[in-house]
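Derivation of every value follows stated rules applied to the coordinates shown; laboratory data play no part. A quick note: this is a predicted structure, and the numbers were derived from the prediction, not measured. Ideal geometry is used to build each Cβ from the backbone, glycine not excepted, and the neighbour counts take in all protein chains shown.
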Amino acid sequence: MAKSQSEKYGGDWTKRKLEMLRAYLNAYTTALKNKPFKLLYIDAFAGTGSVELPAKGIDGTREIVQFVDDSARDVIEGSAMIATKIYNKKFDELIFIEQNKKRCQDLKALAKRYASRNIRVKQAEANAFLVELCQSWQAERGASWRGVLFLDPFGAQVKWTTIESIANTKAMDMWIWIPVSGLSRMLPVDKKPEDISGTLAQTLDKVFGGAHREKFYKIQIDLFQEPRSSRARGVEMIRTVYKDQLWDVFGARLLKDSRLFYNDKGSPSFEFVFCTGSENEKAITLAHKIASHIIKAKE
Ligand SMILES: C[S@@+](CC[C@H](N)C(=O)[O-])C[C@H]1O[C@@H](n2cnc3c(N)ncnc32)[C@H](O)[C@@H]1O
């Protein structure tokens with residue numbers, strides 16, 4: 001069934017992101033094939049199992065248009081479908097979290113088609129569900145489970161407290177899609193850290209954790225030789241600070257290489273970042289080698 005225009009999102013970067021996820025899931029399950037772990041896949045912003053991209057216009061850019069010829073439709077497998085179809089070594093359990101009721105119905109239909117698989121569809125707020133799952137990890141799954149978590153929000157939905165809980169499990173590899181241009185738009189350029197207050201301060205604390213504001217804003221001497229607090233324009237600082245914060249939580253489990261994605265107009269828009277779950281040195285080295293290879297691969 002054709003999706004309504006409002007349900008279409010993404011661009012060429014969506015295809016690339018999902019192919020990177022597919023490559024990692026294939027390599028991860030293959031690497032753990034003969035290990036005694038049970039494997040869990042969690043899709044925290046799961047969508048429907050398929051993605052319909054906005055159609056391409058004649059100039060090659062994608063835009064939401066009112067009427068689309070069926071031949072111009074661009075529908076690809078979404079992350080939930082990709083994970084379900086990892087066959088070399090299948091995931092023992094898949095959890096798809098999605099807040100939207102209609103999208104959950106699509107996910108349930110997917111789960112029904114693969115009824116022999118252990119697929120749970122949860123209509124829930126991703127942060128709340130994940131924190132609970134992570135906090136009960138030791139009691140419920142102990143050392144016998146390993147997992148891969150995909151965090152693929154539309155915007156600034158992932159809370160820092162959720163990231164901390166994920167890191168604490170020491171068992172879940174994480175791919176996170178960070179909307180760096182969206183975050184950059186939220187951060188005023190000329191401000192003193194202490195002048196950011198109210199809803200904006202709450203949102204920033206939610207997304208970046210505690211001590212981020214001082215990292216963004218630096219005192220510089222302006223043209224009139226006056227000290228002025230401002231942050232560097234663009235996304236570079238956002239990338240640095242977010243990864244800095246990840247380093248504080250994941251330490252050497254954060255893979256320093258990451259992939260920056262550009263939108264159709266050539267502006268840097270998203271960053272795809274990987275962290276290993278396990279603290280075991282050999283596991284980190286192997287996971288980083290695989291993820292780094294995927295990040296650096298040409299299209
Ligand atoms: C970018 S889409 C995910 C696409 C999906 N990974 C795929 O490849 O098909 C983001 C999804 O997250 C859902 N969502 C947004 N906020 C959420 C939240 N707080 N908790 C759970 N799901 C949420 C949206 O309804 C949407 O389906």
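Let's see if you can work this out: charge +1 on each Lys and Arg Cβ, -1 on each Asp and Glu Cβ, no other charges. What is the dipole magnitude of the chain about its Cα centre, in debye to the nearest 20?
Roughly 900 debye, rounded to the nearest 20.
Spin-label point model (7 Å from Cα, Cβ direction): what's the SER50 to ALA297 distance in nm?
2.4 nm
Give the calculated FRET efficiency between ILE219 and ILE76 to the nearest 0.05, with a Förster radius of 41 Å applied to their Cβ-Cβ distance.
FRET efficiency, ILE219 to ILE76: 0.30.
Report the Cα centroid-to-centroid distance between segment 75-154 and segment 241-258 in angstrom, as an integer.
Cα centroid of segment 75-154 versus Cα centroid of segment 241-258: 24 Å apart.
Grab the beta carbon distance between ALA211 and GLU132, set R0 = 25 Å, and tell me the FRET efficiency rounded to 0.05. Could you put the intermediate results ahead of the total?
Details: r = 26 Å, r/R0 = 1.04.
E(calc), rounded to 0.05, equals 0.45.
Can you pull the one-decimal nm distance between simple spin-label points at ASN280 and SER197, each 7 Å off the Cα toward Cβ?
With each label point 7 Å from Cα toward Cβ, the separation is 5.1 nm.
With no solvent and one point per C-alpha, what does the Debye sum give as log10 I(q)/I(0) for the chain at q = 0.07, 0.08, 0.13, 0.15 Å⁻¹?
Calculated log10 I(q)/I(0) at the listed q: -0.29, -0.38, -0.97, -1.26.
Could you tally the net charge around GLN99, taking each other residue with its Cβ under 12 Å from the Cβ of GLN99, Lys/Arg +1 and Asp/Glu -1?
After counting each charged neighbour, the total is +2.
Near ILE76, within a Cβ-to-Cβ distance under 10 Å, what is the net charge of the other residues, with Lys and Arg +1 and Asp and Glu -1?
Charge balance near ILE76 sits at -3.
Taking every DSSP beta bridge that has both residues in the chain, what percent is antiparallel when rounded to the nearest 5?
50 percent
Taking the simple approach of a point 7 Å from Cα along Cα-to-Cβ for both ALA143 and ASN100, what is their distance in nm?
Modelled inter-label distance: 4.3 nm.
Going by C-beta contacts inside 10 Å, put ILE221, ILE295 in order with the fewest on the left.
ILE221, ILE295
Rounded, prolate or oblate: which fits segment 77-186 when a ≥ b ≥ c are the square roots of the eigenvalues of the alpha-carbon gyration tensor, with rounded for a/c under 1.5 and prolate only if a/b beats b/c?
oblate
Within the set of other residues whose C-beta is less than 12 Å from the C-beta of ALA211, count the net charge using Lys and Arg as +1 and Asp and Glu as -1.
-2
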